Amino acid sequence: METDIIILVGLIIFAIIILAKTMIVVPQQSAFVVERLGKFHSTLKAGLHILMPFIDKIRYRHTLKEIALDVLPQVCITKDNIAVEVDGILYLLVVDPMKASYGINNYQYAASQLAQTTMRSVVGKLELDKTFEEREGINASIVDAVDRASDPWGVKVTRYEVKNITPPQSIRDAMEKQMRAEREKRALIAESEGDKQAKINRAEGDKQELIARSEGEKQRKINEAEGHAQEIERVAFATAKGIREIATAINEEGGMNAVTLRVAEQYLNEFGKLAKTTNTMIIPNNMADVAGIIATAMSIIKEKK
């Protein structure tokens, strides 16, 4: 009885082992290469699969995700014979697990080595200054070369990125001096351009000021002339009006007597002023007869009329 139990337990354990060898679950974005009796049989994609125990065997396991390989730094000689240290990152993915398993022993190592050799070849065609400017061209050249070489391996190269381009210390010092001189040159040019623009602005401002001042002076003179003309016109108008009023008053009754009296007063006033300002006087013959003087003046007025 105990022997039967032991046999049953052994059979159960054997069945479990067989089941474990038979059933296999492949994770997402993975691929397993199965060999049957040492020969390629199939490629298992993601999901549950049943294998023949002791006959089928999983020989290779590949990830279908994009892989980033760090390409180690290496010394490259540029076209102008300057040694620079260059490194980068290579991105690739497996598109055919069977070729990746049997096409090459280690596709990652092979792709990395091929990227290094291609990088040396590409950098050797460029001068030092161009290596900093032509990063995109270097990347494209390496991707094209490695992708064509890796096609039999079932691997697709997606892109390559240059991380660092490090020239010798002496070259870096020279480049720093050159960049400093270039920055100083640009600063001087910018300063001179600013001074030039400032002078132009000041000259333009002075010009506008002179124009505005001359326009103001012109307008002032025009206003003064117009005001003076209006003044003369109003004085003339007032004078003419006064003369008309005087003429009207003279023609009225008693007007002539008033004029006679006014002429006599003016005559006497002016004669008195003359006596105060000079020692020599011209005295008329009829000085004693003031009425005669007044009559003479009135006769002159009548003649003017």
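Screening Ala145, Ala149, Ala140 for residues that are over 24 Å from Glu35 (Cβ atoms) and within 33 Å of the chain's Cα centre (by Cα) leaves exactly one candidate, Ala140. Can Lys125 be described as basic (Lys, Arg), part of a helix (DSSP H, G or I), out of contact with any Gly (no Cβ under 6 Å at 6 or more places or on another chain) and farther than 24 Å from Asp70 by Cβ? For Lys125, the condition - basic (Lys, Arg), part of a helix (DSSP H, G or I), out of contact with any Gly (no Cβ under 6 Å at 6 or more places or on another chain) and farther than 24 Å from Asp70 by Cβ - is not met. Here's a check for you: in the stretch 1-31, which residue that is under 28 Å from Val95 (Cβ atoms) and free of Cβ contacts under 8 Å to residues at least 60 places away in the same chain is farthest from the chain's Cα centre (by Cα)? It comes out as Met23.
Of the residues that make up the stretch 152-166, is at least one β-branched (Val, Ile, Thr), at pLDDT below 85 and surrounded by 10 or more Cβ atoms within 10 Å (Cβ to Cβ)? So that I can check it myself, show each step before the final result.
Taking the stretch 152-166 first, the residues β-branched (Val, Ile, Thr) are 155, 157-158, 162, 165-166.
Next cut, at pLDDT below 85 only: 165-166.
Next, from what is left, pick out any that are surrounded by 10 or more Cβ atoms within 10 Å (Cβ to Cβ): 165-166.
Yes, the stretch 152-166 has at least one match.
Across the stretch 59-94, what is the total count of residues that are assigned to a strand (DSSP E or B) and without any contact (Cβ under 8 Å) to a residue 12 or more places away in the chain? If you could, list the steps in order and put the result at the bottom.
To start, the set of residues in the stretch 59-94 that are assigned to a strand (DSSP E or B) comprises 59-63, 67-77, 83-94.
Retained after the next criterion (residues that are without any contact (Cβ under 8 Å) to a residue 12 or more places away in the chain): 75.
Total meeting the criteria: 1.
Just one of (1) at pLDDT 90 or above; (2) out of contact with any helix residue (DSSP H, G or I) (no Cβ under 8 Å at 6 or more places or on another chain) fails for Ile18. It is (1).
Before we move on, is Asn81 on the phi > 0 side of the Ramachandran plot and either among the aromatic types (Phe, Trp, Tyr) or surrounded by fewer than 19 Cβ atoms within 10 Å (Cβ to Cβ) (or both)? Yes; evaluated as a whole, the condition is true for this residue. All but one of (1) over 17 Å from Leu69 (Cβ atoms); (2) in contact (Cβ under 8 Å) with a residue 12 or more places away in the chain hold for Val146; state the number of the condition that does not hold. Tallying (1) over 17 Å from Leu69 (Cβ atoms); (2) in contact (Cβ under 8 Å) with a residue 12 or more places away in the chain, Val146 fails exactly one: (1). For Ala140, state whether it is out of contact with any Cys (no Cβ under 9 Å at 6 or more places or on another chain) and either crowded, with 19+ Cβ neighbours inside 10 Å or within 22 Å of Pro167 (Cβ to Cβ) (or both). Considered against the rule, which asks whether it is out of contact with any Cys (no Cβ under 9 Å at 6 or more places or on another chain) and either crowded, with 19+ Cβ neighbours inside 10 Å or within 22 Å of Pro167 (Cβ to Cβ) (or both), Ala140 comes out as no. Screening Ser214 on (1) under 30 Å from Gly124 (Cα atoms); (2) part of a helix (DSSP H, G or I) shows it passes everything except condition (1).
The values are calculated or read from the model by the stated rules, or taken from the named source; none is laboratory data. Note that this is a predicted model, so its numbers are computed, not measured. Cβ: placed from backbone, ideal geometry, glycine included. Neighbour counts: every protein chain shown.
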